[in-house]
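Working notes, structure below.
Bear in mind that the values in this text are calculations on the coordinates, not laboratory data. Quantities reported herein were computed from a predicted structural model and do not represent experimental measurements. Cβ placement follows ideal geometry from the backbone for every residue including glycine, while neighbour counts extend to all protein chains displayed.
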Amino acid sequence: MGTIREELVSQFRSLSVASAIAMSVVFSIFAGAITGHYLDLWLFDGQSHWLTIICLFFGIAGAVKNFFILTKRFSKEPGEKKGKDQPEAHTSGRKDDV
């Protein structure tokens, strides 16, 4: 069993991860809808709403993608630092560096 301080740190870390994922999802959808709205105003003088709907769906797709990327990244244990998101070790490219 950990101390109260360790438990609080763990709780705050979980809260920050959850809020980062939630903000990413909300802002992706919001950015898509706002972009589509302003494109409709600029190109069609506000008479059509097709670009708003299309960009909203792109924002939803981006939000789903961000959700899966962030949940995968934050669900890793602290010791697991291997993957696409982490930089590779630098090698000089010579074959005798083994």
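Some values worked out for this structure:
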read-out	value
Principal axis dimensions, largest first and in whole angstrom, of the stretch 4-74 by Cα	59, 18, 11
Förster-model FRET efficiency, 30 Å R0, Trp50 and Arg73, C-beta, rounded to 0.05	0.30
Stretchable slack from Leu15 to Tyr38, in nm (0.36 nm times residue separation minus alpha-carbon distance)	4.9 nm
Exposure proxy ranking, count of Cβ atoms within 10 Å, fewest first, for Arg5, Arg73	Arg5, Arg73
FRET efficiency for Leu8 and Ala61, using Cβ-Cβ distance with R0 set to 30 Å, rounded to 0.05	0.25
